[in-house]
Structures are given as structure tokens and as C-alpha cells.
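The values are calculated or read from the model by the stated rules, or taken from the named source; none is laboratory data. Bear in mind that the values here come from a model prediction, so they are computed numbers and not experimental data. FYI the Cβ positions are ideal-geometry reconstructions off the backbone, even for glycines, and counts take in every protein chain you see. Only protein heavy atoms, including side chains, enter the accessible area calculation; ligands, DNA and RNA are left aside. Shrake-Rupley method; radii C 1.70, N 1.55, O 1.52, S 1.80 Å.
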Amino acid sequence: MRFVRLLVVSVVGISVAVAVPTAEAVTAPYTVLGFAGSGADSAFAQDFFFDSAHGSLEETVGTVSQQVSFVGTTAAVADTEHTLQVDIDPNGATLAASASYDLATSSLSVSVSVDFEFTCTAATGTLSISDLVTDGTSGVITALAAEVTGATCQTNTPAAAAFSIDLRLGSAQPYEAVATSPRNWNFGDQITGLDGQPKTFIYANTGVDAVTFGTASAGAAPRPFRIAADTCSQATVLPGGSCHIRVVPHPTKSVTASYLSTVRQLALPISLPVGVRTRVIRLTEYGHDFASTYTDGGPERATLTIGRLPAPADAFLAHYRVDWGTSPTNLAQHRSVAPVFGVATVTHFSGLHGGRNYYFRITPVFTSGQLGDPTALLAARPWPKYAPGMYHRITPFRLVSDHQVAAGHPVTLSANGQHGVPSRHVQAVVLNVTASDPSEATAVRVYPAGTRAPAPADITVDRGAVRSNFVIAKVNSAGRFTIATTHGSTPVTVDVSGYYSGSGLTTKGSGAALRVFAQGGTLVDTKNRQKAPLPGGYFTWSAMNFTPGYGQHVTSLVVAVTAYGSKGSGTIAAYAKDTRIPHTSVLSYSPGVATTSTAIVSASRWVGSDGYTYPAVSFLNRGKQSVQLRVTTLGYYDDATFEFGQRYIPSAPLRLLADRMGSGATDRMSPGRHANKLTSTLNLKVTAAAPTRTTTLGLWPRGLRGVTRPVQPQLSAPGGVTTTASTMTCVGSDNGLMIKNAAGTVGVTVW
């Protein structure tokens, strides 16, 4: 099985324009406000710089014994505007030139406010005044040069903050200053364990002295952000010059249900004549196990899902601009999409041509009209409405009943043209094949007519016993398949429940796409839920729970059926609830033996008390004795409403595992190069050869978080009896699978 959904994500010549802060040469006298903050508090863990070229700056000054106030407002285009206010209040003291004040002991105070909401008054630190000139008549300050270093304070949030400040008011005193662009950055949703889309940060020397930088860092290990390029560390940048640091997000953990982000600081020290000042840029990301921005190919349509995209941390997003085209290098603006905060934004594209590639790129647009960074190139390949590999359900029918198949004399059959199966354009049929009372222990194989019998058996059955199995039988170009047995003579019964379309089928609807669960759930459990076995001649039914609005589109369920604990033999029929009971079966069971088989069961639509529609199926015990029944869900087929899904692609049998496993042992397997990144499900044939004890074999995808051995194993094997079962199993990391033997020692083969 393979995903039709295409998650082709590649960077194709993306060129991102980086706004470089203005770093023009300035001349005295200087009027400047610089703020460098750090700490966990989001309001103060950032840097600000204001002068004639950066934002707007207002000053309110009086005499040397009055409060001095500087108010700077950012002139950001994409970022939300911020206001920084710095107040120096003598509180009865008198400011003097060439003086230093210990903020922990003096009456003088320095307070900082961000956006008039977050306030911080320094509890420690030093205020140094290197230049102070007053008007001789009024005593009003006309020139001031001051620095605050080593300041810390308790803010009106639980976190503490540390900061330093540079103040110049009409002063000839030189200063060192660095303006960063952007001042903070939220990388948005990124895939855990992978490098994401990088961002380049510019550091412009906006002061009048050369600046010498220390070594940049992006947080301690494990590092969710990695510095990929750096021209700043240990560099000296002249006034008007700049350097850059390129940061790559690399999430080390996924967000929780509360959508908590990972926050770090990109720190770059600046060497000063006395001490070191550190410039910080706040970095944010949300780690996810899967891409949150992607495209899904559907029947002649595509769906674009947009998660959190990289942007300044406080940006106001107006809309998303979507460019698209049929060539990676020829994209045109198609539409604007309104964002929905807190959830993914989804937009649909219809009327596309099946089998043609379409390319998409999304760019945030902010309220100012400025464009943000575009995403990498996304691609989708819609499939034709009548696509090969789509599943078509029919009313189950019996093709042959107890038809004798002798060793060396295979039988060729065809379901084409019968009971809803087309006369042509069929690539495979879905069967339940039963071998009953063979004259010798034998193996039964089903394969396309005119080809050689494959190595793996579909059924292994002892003399006089009864075994059935789920078979997806590939057919030849004429729709025929062959049944062969290796020893003796065996009566064979074949039931047909559906088919997979081949190329050229255009008259039977668009078919259905498969969704296989990584971890299934219990649908029926007569022992633990109904508290009694299912009597002979009785049926039970169950509806599968789906998100409201989804259940009405489910046409069939893929289930694993286990019958056990009966004192007699019988069969289990499965069918859509409230429909006519078919003459077919999905499983044959024997007394005292647990038997498991996979089945695709057509579902009816049952309306619950909540008013929503859910898929419902029934199971009938055709035996004379009661039997315990357990049914778990493996997946489902839809009515081609959903935009993505899996299609069946038949291939030559490939042996994945041949091993002898002990009690409780696990093993791993992978199809390697015989599958690709779009493969999501494998149709497997599993054989337990002569187990020393009654056992079960369970398979599950390898490497998927939270996915463990299934509650109901896919194969149940009596001690000493070689048993084969077929199933459809979701694959995990690198298409890998795990398998576990429950008891005894057994030879295990998986194809």
C-alpha cells in the first residue's frame, strides 16, 4: 500500500531578502537610547536601540535634581511596535558629572517599562554619568551621557530581568551600539529531530566606535537551535558596518497538548572598555513529529494545510499569500488565505488535472503589507478520479463452493463480470479462501493465471482440518487467478467481497482509499464487553466511533477477527448492519482452537443519539455452538471524499523475515529498497511453523511514538500446527515493522 498523499518538501532556489538595519555614520552631538536585556521574562529578554534613524525617540528632562525620561518607539514594519521608557529619578539626590551611583544603596532609582505594561525598577547595578551640562540660567540639563551596567530587578512577573542602558542627550561622548534585525524570531512549527528553515540575523554597528564581538551561542545542549554560519564571533565591526549569524532550528522535543514552545536566546557578547555587554535575540520554535504545513493530493484536487510559519515573535499576521503553478520556477499568486490562530489553516484547490504535479509556496503577509519569509516549495500530485488501486466494495458472493483442487492440477477462476465486478480493468480481487478436509496436509496458493506459483502459501492446512484466510489476489490482464495445492486433493471455497480497480476503469465510480491505523482499537469483545459468548445462529453488531462528520464517509472497515473457545466448528459472516446476510464468510473456526483472520467488511450508516452518522457492521456465528469473538480495527476505506489515502499496488512476493523465535522474543524487519517514503502499509503473509506451544504473532510499526504491540495479534497458531495468516499492517520509521512471538519456540516467515 502507498500513500496517495504527497509530502514533497524541497527548497528550490529560495532567495530571502534580509532587512539590514541602517548603520549610517552619525556626528556629534548624539541623542541615543540603547537597551540590552536578558532573562526569562519575555518583555525584557530583548534589545532596543533608538536614534534619529531607528524608531522615534522623545526626551523629557529638567534640572539635575528632577526626573529624566526617555521614551523610544520601534519603527518596525513586520514586528509589532513596542515602546520602551527609561526613567532616572534622583529622589532628592543631585546628578553630577563624572559620578557613579550604586543603585542598591543610593536613593537614586532607574526604572524601565516595556509597552507601558511591564515595569522593572533596578535593585542592583551602577549608574555612571560621564557627561552632564546644564543651562547656566535655568539649570536644565542640556547634555547628558549616562550608562547603566549590571542592573537586575524583580519585574511584575515572576521572572527576574537583567539589563544595561546607554543614554545620550545632545552629548559629544562616543558610544558603542548594535542594532539587530530581526530583534526576535519565532521559527514556528518544525519537525522534531530535523533541521528546519534557517534564519539570518544581521548585527549593524550603529554607534560611533568600533565594536568587538565575543563568541555567539544559541543555548546549552541539547541544542534546539544551531548556528550554521557566523561572521560576528571574534570580529571587529567598524561604525556603519555589519555582520551576520545564520541559525537553523532543530527541535529536540515535541510540543505538548498545551502547545508549549521551546525558547532560547541567541547571545552575542560585546567587549567594552570595562566589562562585557551581551546582545540577545529571542528564538522560539514548536517541535512536531510530523509536518504541520503540507499538501495532500486528492481525486482531481489538492488541499493545502498551513501550520505556524516563521515570523517575528510579536507579528500581526494579515493573511497568507499562496503562489502556485505547474512548474517549480513559474509560480504565480493565486489567492489569499485568512489565518486561524491556534489551529491549522486549510484551503482547497479543485479542478486540477490528475497525475500532474502542482507546486505551492506560502508567504505570510503582515498588517503593514510587508511580506515575511516564504516557505520551502511544497508539491502535490492529484490523482485521476478513476485511479488504479482504489478499492470497490460489492455485495459479497460465493464464487465456488467445495471445489476440488488436486496437486498438479491447479484450477483457474475469474470473478470478472459477476455480481458487480467489472468485466475488465480489475487488478486484484479480495477473497476469503477456505480449504476443508484435505486428503493430506497441504499448502494452498492463489496467484495470477499464467504465472508461476509464488513461494509463500496463502493457506496451510493439516489432513482433515479446516482453514480459511484473507487473500488479496492479483489477477492477470483477463481477470483470472489460479488456485493450486501442493499435496493430495482439497475442497476449496472462494468468497469475493470486493476488488481493486486497474488502469482504464471509468464506469464504476471513483472507488475508495485506504487509511490504516498505526494502533487499532477493539470493536467487538464478547468475553469482556458482552460478557457472554456469541450463540450459534446469533449475530452481534457494533458501530465505530469517529470524529463527528467523518463517519458518514466511511464505506468499509478493515478488521482482524478472532474466534476462540468454541466446542464445535463453524464460520463467521461479516456484513453491513441492517443489510441482507450474505452466504459468505470471513473466518472458519474449529473446536478448542483460536483462529484469527483479516477481513474488509462493508459498513452501513448508523445514526447515534447525538445525531451523527457512524459506520456499523455485524458478525454472525453460523456454527451450532457458542463462540467467543474479538474484533479489532486495522483501518477503513472512505467514499473518496477525503483528500488523501492509500492505493493498492501489487508487487512480487518479498521475504522480509525467516527466523526461529523463542517465547517472548521480538524481531524487526524492513522491505528496504523495495518500498519508498510514500509506502505506508504492507499486505503481509505470516507463517508460524510447528510452534512448540500454542502461540500468537503480533506485528506493529517500528519507531512510532506511543505505538506498541497490538491488543489482538494478527495470527493465532495451535501448538504443533503450521498456520498462515494474511494482514495489512501500517509501517513505521524507514518502513520498519516489529513482530513478537507470545509463547514457545516457532519458525516465523513473513512475506
Review point. Put a dot 7 Å past each Cα toward the Cβ at residue 418 and residue 612; how far apart are the dots in nm?
Key: 4.0
Practice item. Describe numerically, in nm with one decimal, the distance between label points set 7 Å from Cα along Cα→Cβ at residue 319 and at residue 260. Key: 3.7
Point to revise | With DNA, RNA and ligands ignored, accessible area of residue 324 (1.4 Å probe; Å², nearest 10) | key: 50
Review point. How far apart, in nm, are two points set 7 Å out from the Cα along the Cα-to-Cβ line at residue 477 and at residue 142?
Key: 10.1
Practice item. State whether the range 447-548 is rounded, prolate or oblate according to the following rule on the C-alpha gyration tensor (a ≥ b ≥ c being the square roots of its eigenvalues): a/c under 1.5 gives rounded; otherwise a/b larger than b/c gives prolate, and the remaining case gives oblate. Key: oblate
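Which of the three applies to the range 380-454, rounded, prolate or oblate, going by the alpha-carbon gyration tensor with a ≥ b ≥ c and a/c under 1.5 meaning rounded? Can you show the working numbers first?
Working: a/c = 2.60, a/b = 1.95, b/c = 1.34.
Because a/c hits 1.5 or more and a/b exceeds b/c, the range 380-454 counts as prolate.
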Revision key, fill the gap. Karplus ³J(HN,Hα) for the range 135-151 (6.51 cos²θ - 1.76 cosθ + 1.60, θ = phi - 60°; Hz, whole; x = Gly/Pro) runs 6, x, 8, 9, x, 6, 5, 10, 8, 8, 10, 9, 9, 10, 10, x, 7
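Whole-Å semi-axes of the range 681-751's equivalent ellipsoid, largest first, each the root of 5 times a Cα gyration tensor eigenvalue? Walk me through the numbers before you get to the answer.
Numbers: eigenvalues 97, 30, 16 Å².
Largest first, the range 681-751 gives 22, 12, 9 Å.
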Exercise for review: Whenever you get a sec, compute what percent of the accessible area on the chain sits on carbon and sulfur atoms (1.4 Å probe).
Suggested key: 51
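Using C-alpha positions alone, give me the convex hull volume of the range 616-725 per residue in cubic angstrom.
About 186 Å³ per residue, rounded to a whole number.
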Check your understanding: Where in the range 650-669 is the amide nitrogen less than 19 Å from a point lying 7 Å along the Cα-to-Cβ axis of residue 690?
Key -> 658-663
Exercise for review: Mark the label point 7 Å from the Cα of residue 665 along Cα→Cβ and return the residues of the range 723-751 whose backbone N is within less than 15 Å of it.
Suggested key: 739-750
Exercise for review: Kindly work out what percent of the DSSP beta bridges joining two residues of the chain are antiparallel, to the nearest 5.
Suggested key: 95
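Per residue, how much accessible area does the range 550-675 show when a 1.4 Å probe rolls over the protein heavy atoms, in square angstrom? Let's see the in-between values first.
Numbers: 5280 Å² over 126 residues.
I get 42 Å² per residue for this part.
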Point to revise | Using a Förster distance of 25 Å, the FRET efficiency for residue 709-residue 545 (Cβ separation, nearest 0.05) | key: 0.65
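Calculate, for residue 128 and residue 271, the FRET efficiency according to 1/(1 + (r/R0)^6) with r their C-beta to C-beta distance and R0 25 Å; round to the nearest 0.05.
Values: r = 17 Å, r/R0 = 0.69.
The calculated FRET efficiency here is 0.90.
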Practice item. Taking H placed 1.01 Å from N in the peptide plane, check which residues at least 5 places from residue 521 or on another chain put their amide H under 5 Å from its amide H. Key: 633
Revision key, fill the gap. Taking only the alpha carbons of the range 395-504, the radius of gyration and the largest Cα-Cα distance, Dmax, both in angstrom, are 13.3, 44
Practice item. Report the full-extension gain for the segment residue 531 to residue 579: residue separation times 0.36 nm, less the Cα-Cα distance, to one decimal in nm. Key: 14.7 nm
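Strictly greater than 18 Å: what percent of every Cα pair in the range 620-665 meets that? Before the final figure, lay out the partial values.
Numbers: 731 of 1035 pairs.
Taking all Cα-Cα pairs of the range 620-665, the fraction more than 18 Å apart is 71 percent.
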Practice item. State in Å² the accessible area per residue of the range 372-475; use a 1.4 Å probe, count heavy atoms of protein chains only, and round to the nearest integer. Key: 39
Check your understanding: Extension gain residue 462-residue 107, at 0.36 nm per residue separation less the Cα-Cα distance, in nm?
Key -> 118.0 nm
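Quick one: if the Förster radius is 25 Å, what FRET efficiency do residue 231 and residue 209 give, using the C-beta to C-beta distance and rounding to 0.05? Mind dumping the intermediate values first?
Values: r = 19 Å, r/R0 = 0.78.
That pair, residue 231 with residue 209, gives E of 0.80.
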Practice item. Assign one of three labels to the range 540-687, namely rounded, prolate or oblate, based on the Cα gyration tensor with a ≥ b ≥ c the square roots of its eigenvalues; rounded applies when a/c is under 1.5, prolate when it is not and a/b is larger than b/c, and oblate otherwise. Key: oblate
Revision key, fill the gap. Semi-axes a, b, c in Å (a largest) for the chain, each sqrt of 5 times a Cα gyration tensor eigenvalue, come to 72, 25, 22
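Step by step: find N for the range 570-636, compute 2.2 N^0.38 Å, then divide the Cα radius of gyration by it. What's the final number? Don't jump to the answer; show the numbers that get you there.
Working: Rg = 13.4 Å, N = 67, 2.2 N^0.38 = 10.9 Å.
Against the empirical 2.2 N^0.38 Å value, I get 1.23 for the range 570-636.
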